[in-house]
Amino acid sequence: TDTTVANALIGNGDKVLFDYTLGTVNHPSNTVNFKLAFGGITIYDSGAISPGDYPGMVRIDGYITRVSSTTCIATIRVSMYYAGALMQPVYVSDTHVPTSTLTGMTLTGTNALALSAASASTGAASGDIVLKHAKIHIDGFGG
């Protein structure tokens, strides 16, 4: 979870840019789920994904842009890669999530950008999903 300072998105066009990379350890029968929320509003939910037997990487990046004092839009891309049988990277998907409109925001206060990930089903264990990289940049404060 990353929290913006109050008034970070004070002017229309101000942005919060984010880039997360997660490593996954997978089992034949487990599923993984990734969710991203801003200001308590879910802007991405992968649902249960069955990645298979091999370890992989998931990258979630994009930006949230202020369009008014109570509204933002979120633009997100999700890329998934898994290692093949010989551990070579196998591209799985690159999804541009439809733009979300976030209404009822209080942009003069702080807002949390929260990424959550879970592994479930038979074979799932603590540590199956690990945050490898996180970068947040605020292009805001009216500038």
If you go through Asn7, Asn12, Asn33, the only one that is assigned to a loop (DSSP other than H, G, I, E, B), surrounded by 15 or more Cβ atoms within 10 Å (Cβ to Cβ) and either out of contact with any Ser or Thr (no Cβ under 6 Å at 6 or more places or on another chain) or of a type outside the set (Ser, Thr, Tyr) (or both) is Asn7
Query raised in the report: In this structure, does Val25 turn out to be more than 18 Å from Asp139 (Cα to Cα) and open to solvent by 50 Å² or more (accessible area, probe 1.4 Å)?
Result: yes
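The values are calculated or read from the model by the stated rules, or taken from the named source; none is laboratory data. Small disclaimer: the values here were computed from a predicted structure and weren't measured. Cβ: placed from backbone, ideal geometry, glycine included. Neighbour counts: every protein chain shown. For the accessible areas, the whole protein counts, side chains as well, though only heavy atoms, and no ligand, DNA or RNA atoms are used. Shrake-Rupley method; radii C 1.70, N 1.55, O 1.52, S 1.80 Å.
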